Structure formats: structure tokens, C-alpha cells
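Student: Structure in C-alpha cells, see below.
None of the figures in this text is laboratory data; all of them are computed from the coordinates on show. As the structure is a computational prediction, the values presented were derived from the model and not from experiment. We place every Cβ from the backbone using ideal geometry, glycine too, and count neighbours over all the protein chains shown.
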Amino acid sequence: MKLKAANILLVIVAFVCIVPIIVLIVLSLARNWMYPNVLPKDFTAEAWIYIFQPGNNIVSSIFTSFIIAFTVALLSTTGGFFTSRLIAYHKFKNKLLFLAYLPFILSPVIFAFV
């Protein structure tokens with residue numbers, strides 16, 4: 001059975017998306033993982049146990065961060081949708097698109113001068 005290029009590309013994209021998550025999980029369980037070692041010397045669940053201990057504010061902080069991120073994502077997506085719709089149907093569409101792209105055009109130029 002021959003693999004098509006699209007299937008190979010799908011496998012590569014999945015690998016690139018999953019490997020960082022696996023590395024983060026291993027890092028959260030690792031202890032004393034020094035540079036030359038390929039794998040950590042020992043694994044422990046201390047960090048995960050600490051998160052769920054009573055009297056710890058980490059879970060409430062994670063919940064607060066999630067609520068803030070969700071609110072910002074919802075508001076920015078909604079605002080972007082209506083703004084792009086207004087620009088798309090406006091009679092000065094080209095000028096408004098230029099103004100919308102202006103920060104992306106200027107930031108590399110400003111960065112080059114700094």
C-alpha cells in the first residue's frame with residue numbers, strides 16, 4: 001500500500017503538533033534532567049500532586065486565566081468578524097484594507113531601524 005503525499009504531510013503535521021505536548025508532560029514529571037542525558041534520571045508526580053492539594057490557589061488561578069483567555073478570544077473574534085465585514089462591504093474598501101495592513105507593513109521597517 002502506497003502512502004500518498006497528503007497522508008505523509010498529515011502524519012508530519014500531527015507529529016509536529018503532538019511532540020511538544022509530550023515533551024511538556026515529560027518535563028512536568030521529570031526530576032534532575034540535565035543536558036547530556038536523553039531521558040531524566042527519575043520521574044515523580046510531585047508537581048501534579050502539589051497542584052491539587054487543599055489550600056492551594058493554583059487551580060483557581062488556572063480557572064481565572066481560562067476565563068480571561070476565553071473572554072478575550074470571544075471579544076476579539078466577534079470584533080474582528082464585524083470589522084472585516086464592514087471593511088469588505090465599504091465603498092472605500094481598498095483604503096481601509098491598506099490602513100488595516102499598515103501595522104504589519106510598518107513593524108518590520110521599524111524593527112530594522114532599531
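Student: For the charge dipole of the chain, defined by +1 on Lys and Arg C-beta atoms and -1 on Asp and Glu C-beta atoms about the Cα centroid, which residue among Ile105, Ala45, Ala30 has the Cα displaced farthest towards the positive pole?
Tutor: Farthest along the dipole direction, towards plus: Ile105.
Student: Another one. Students often check this: by mean Cβ neighbours within 10 Å, which of 22-28, 104-110 ranks highest, and how do the rest follow?
Tutor: Ranked from most to least packed, the peptides come out as 22-28, 104-110.
Student: Can you tell me how much longer the chain between Phe111 and Ile68 gets when fully stretched, taken as 0.36 nm per residue apart minus their C-alpha distance, in nm with one decimal?
Tutor: 12.5 nm
Student: Let's test the formula: R0 of 30 Å, r as the Cβ-Cβ distance of Ser28 and Ile8. What FRET efficiency results, to the nearest 0.05?
Tutor: With a Förster radius of 30 Å, E is 0.45.
Student: Of [x] 9.3; [y] 15.7; [z] 8.6, which is the value of mean projected area of the Cα convex hull in nm² derived from the coordinates here?
Tutor: Computed from the coordinates, mean projected area of the Cα convex hull in nm² corresponds to [y].
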